[in-house]
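Following: one structure in structure tokens, then a few remarks.
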Amino acid sequence: MSETWQGPSLQDRMRILRTTTSVAIVGASENPARASYFVASYLLSSSSYDMYFVNPRATEILGRPAYPSLADLPVVPDLVDVFRRHDDLPSVLDETVAVGAKTLWLQLGLWHEDVARGAEAAGLDVVMNRCLKIEHARFHGGLHLAGFNTGVISSRRAEH
């Protein structure tokens, strides 16, 4: 299957992240081995976003309440970050549109062109197959724009 949908530019992704104040992670997990847990813990410690977790089987994640659905959140999130199976993405889009979020963000490995086009038709910004944590770090000093850490690593011994 060829990919024909074009995602937002680097500048547009930067704008999305800089104008976002609240993030809901759909498919958030209380399991520290899961990518969603790692992303959530990073964003809690390294961003000013108001964070909300959506998981119908959890009551608490990282010391915060977990909600069964986006509709159950106490606020309308600016950005919905999705960690769900490909087949679940159309229903996540429907929920995202219904609550009035501004951005639908599909994590690494998630690509669904029909969902992207539907989200854009509903007026949402859409990012697919990108990690919110990596993109946040890229624009906030944790990663070089090319996507890797800018720390210098050398095999030379420090001179005493």
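The values are calculated or read from the model by the stated rules, or taken from the named source; none is laboratory data. Treat the numbers as computed from the prediction; the structure is a model and nothing was measured. Glycine also receives a Cβ, built like all others from the backbone with ideal geometry; neighbour counts cover every protein chain displayed. Side chains included, ligands, DNA and RNA excluded: accessible areas come from the protein's heavy atoms. Shrake-Rupley method; radii C 1.70, N 1.55, O 1.52, S 1.80 Å.
Among the DSSP beta bridges whose two residues both lie in the chain, what percent are antiparallel, rounded to the nearest 5?
On the way: 2 of 20 bridges.
Here the share of antiparallel DSSP bridges comes out near 10 percent.
Taking the 0 to 90 degree range and rounding to the nearest ten, how far is the long axis of helix 35-46 tilted relative to the main principal axis of the chain, both from C-alpha atoms?
Helix 35-46 sits at roughly 70 degrees to that axis.
What's the angle, to the nearest 10 degrees (0 to 90), between helix 10-19's Cα axis and the longest principal axis of the chain?
Roughly 70 degrees, rounded to the nearest 10.
Rounded to the nearest Å, what's the spacing between the alpha carbon centres of the range 114-131 and the range 63-81? Just the number, please.
Cα centroid to Cα centroid, the span is 19 Å.
Solvent-accessible area per residue for the chain at a 1.4 Å probe radius, Å²?
Result: 56 Å² of accessible area for each residue.
Taking the chain as the reference, fit the longest principal axis to its C-alpha atoms, fit the long axis of helix 89-99 to the helix C-alpha atoms, and give the angle between the two in degrees, 0 to 90, nearest 10.
80
Using a 1.4 Å probe on the protein chains only, how many percent of the accessible area of the range 1-106 belongs to carbon and sulfur?
50
So, counting K/R as plus one and D/E as minus one, what does the shell of residues with Cβ under 15 Å around Ala58 add up to?
Cβ neighbours under 15 Å give a net charge of +1.
Which value, in debye to the nearest 20, describes the size of the charge dipole of the chain about its Cα centre when Lys and Arg Cβ atoms bear +1, Asp and Glu Cβ atoms bear -1, and nothing else is charged?
On the way: 15 positive and 18 negative charges, 140 e Å.
The dipole of the chain has a size of about 680 debye.
Around Val92, with a cut-off of 12 angstrom between Cβ atoms, what is the net charge of the other residues, counting Lys and Arg +1 and Asp and Glu -1?
Charge balance near Val92 sits at -3.
Which residue, Ala24, Ala40, Ala137, tops the fluctuation ranking in a GNM of the chain built on C-alpha contacts under 10 Å?
Per the Cα network of the chain with a 10 Å cutoff, Ala137 tops the list.
Note down the net charge around Gln6, summing +1 for each Lys or Arg and -1 for each Asp or Glu among other residues with Cβ under 12 Å from its Cβ.
-3
Computed from the coordinates I sent, Rg and Dmax of the Cα atoms in Å equals one of [x] 15.0, 42; [y] 16.8, 63; [z] 24.1, 85. Tell me the label.
Among [x] 15.0, 42; [y] 16.8, 63; [z] 24.1, 85, the one derived from this structure is [y].
Where is the GNM fluctuation largest for the chain (alpha-carbon springs, 10 angstrom cutoff): Ser22, Ser48, Ser69?
Ser48
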